[in-house]
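In what follows, a structure is listed as structure tokens, so that the remarks can point back to it.
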Amino acid sequence: QVQLVESGGGLVQPGGSLRLSCAASGIIFSDYAMGWYRQAPGKQRELVAQITSRGSTNAAESVKGRFTISRDNAKNTVYLQMNSLKPEDTAVYYCKARYNYVYWGQGTQVTVSS
């Protein structure tokens, strides 16, 4: 059974930092491209950042220079380091695994507010 479990969300003040984690099980993690997506209330889910199985990364323009995606294949985990957070970063953040199939996590809430 495939599971993607996100953690690390919460409430943070503007300018603060959070690190999200997504722990995968039931897949050969190193084969999968991994991504972080987010969905704010009333908006469509959007790509935040992604990392290939070989470690190449890309990020949405809105988060470039602030967010960093990384992976640890030994721990079957992908991370999203989020710095200089803004209120508009408030959303549910989802982890996605893509190879021969696509899997999603259940999401973790990030709220940026003073």
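The values are calculated or read from the model by the stated rules, or taken from the named source; none is laboratory data. Note that the structure is a prediction, hence the values are computed from the model and not measured. Methodologically, a virtual Cβ is constructed for each residue, glycine included, from the backbone with ideal geometry; neighbour enumeration extends over all protein chains shown. With ligands, DNA and RNA removed, areas are computed over all heavy atoms of the protein, side chains included. Shrake-Rupley method; radii C 1.70, N 1.55, O 1.52, S 1.80 Å.
Pairs meeting the criteria (first residue in the range 25-48 and under 14 Å from S70 (Cβ atoms), second residue among the hydroxyl-bearing types (S, T, Y) and surrounded by fewer than 14 Cβ atoms within 10 Å (Cβ to Cβ), beta carbons under 8 Å, at least 6 apart or on different chains) are lacking.
Got a number for residues in the range 6-23 being touching a Ser or Thr at 6+ places or on another chain (Cβ under 9 Å) and either part of a strand (DSSP E or B) or among the polar types (S, T, N, Q) (or both)? I'd like the intermediate steps shown before the answer.
Taking the range 6-23 as the starting set, the residues that turn out to be touching a Ser or Thr at 6+ places or on another chain (Cβ under 9 Å) are 6-17, 20-23.
Remaining after also requiring either part of a strand (DSSP E or B) or among the polar types (S, T, N, Q) (or both): 6-7, 10-13, 17, 20-23.
Going through the range 6-23 one residue at a time, the tally reaches 11.
On the given criteria, is S70 of a type outside the set (V, I, T) and assigned to a strand (DSSP E or B)? Working first, answer last.
Numbers: of a type outside the set (V, I, T): yes; assigned to a strand (DSSP E or B): yes.
Yes: the conditions hold for S70.
When V112 is tested against (1) in contact with a helix residue (DSSP H, G or I) (Cβ under 6 Å, 6 or more places away or on another chain); (2) modelled with pLDDT under 95, only condition (2) is not met. Any chance the range 82-96 includes a residue that's outside any loop (DSSP other than H, G, I, E, B), more than 21 Å from V12 (Cα to Cα) and modelled with pLDDT of 95 or more? Yes: one or more hits.
Taken over the range 19-72, the residue count meeting the criterion of being open to solvent by less than 60 Å² (accessible area, probe 1.4 Å) and over 22 Å from Q3 (Cβ atoms) is 7. Looking only at residues of the range 97-114 that are of a type in the set (S, T, Y) and assigned to a loop (DSSP other than H, G, I, E, B), we find that the one that is least open to solvent (accessible area, probe 1.4 Å) is S113. Remark: pairs (first residue in the range 92-113, under 11 Å from L20 (Cβ atoms); second residue of a type in the set (V, I, T); Cβ separation under 6 Å; 6+ apart in sequence or on different chains) = Y93/T108; Y93/V110; G107/V92; Q109/V92.
Output the residues belonging to the range 37-59 that are of a type in the set (A, V, I, L, M) and either under 12 Å from the mean Cα position of the chain (by Cα) or farther than 17 Å from A91 by Cβ (or both).
Residues satisfying the conditions are L47, V48, A49, I51, A59.
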